[in-house]
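What follows is a single structure, written as structure tokens, with notes after it.
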């Protein structure tokens, strides 16, 4: 495999090779969350296309939030502050993603088209929305995840 130099490139590599948006984002951070790529792909698989093609929360957003949770989330022996810290990063991530794209809902992001409707799915494919839009959602999710992994927060809200 060719050396991939950035998380954005890695996420697009996965997305363009038949992995979903959630898988593509989370797996780009496999080193950061200290999980093998195969495990990241499996964990995030059900979250693609707004959770199993139900078109709820965008899979790119879900994959990003999984990465933040794996990095900062509250575990068995952790204090409540870790959960609040993770929630703070989550809220900021969602607000910024919505500011850029207008929504975090898959169906809204795909121009209201329903992936479970064959006519709408054909239209999505004909318009190239996975390539034109979803790739941008994946890239935004990676960029924001990088930002919120680096950014130190103060006083959990």
> Using Cα pairs under 8 angstrom and six or more residues apart, how large is the relative contact order of the chain, in percent?
Replying inline: 25
> With axes computed from alpha carbons, what is the tilt in degrees of helix 118-127 against the longest principal axis of the chain, rounded to the nearest 10 within 0 to 90?
Replying inline: 80
>> So I have (i) 92, 35, 20; (ii) 49, 37, 25; (iii) 43, 33, 27, and one of them is Cα extents along the principal axes in Å calculated from this model. Which one is it?
In response: (ii)
>> Tell me the mean residue ellipticity at 222 nm calculated for the chain from its helices only (DSSP H runs of n ≥ 4, each -39500 (n - 2.57), averaged over every residue, nearest 500).
In response: -18500 deg cm²/dmol
>> Run the simple label-point estimate for residue 123 and residue 84 please: 7 Å along Cα→C-beta, distance reported in nm.
In response: 4.6
> For the modelled label position 7 Å from the Cα of residue 116 along Cα-to-Cβ, which residues of the stretch 39-54 have backbone nitrogen atoms closer than 12 Å?
Replying inline: 51-54
> With each label point set 7 Å from Cα along the Cα-Cβ vector, what nm distance links residue 77 and residue 46?
Replying inline: 2.8
> For the stretch 90-141 and the stretch 2-56, what is the separation of their Cα centres, given in Å?
Replying inline: 16
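A short reminder: the numbers here are calculations on the coordinates, not readings from a lab. Given the structure is predicted, the values throughout are model-derived calculations rather than measurements. Reconstructed Cβ throughout: ideal geometry from the backbone, glycine too, with neighbour counts over all protein chains shown.
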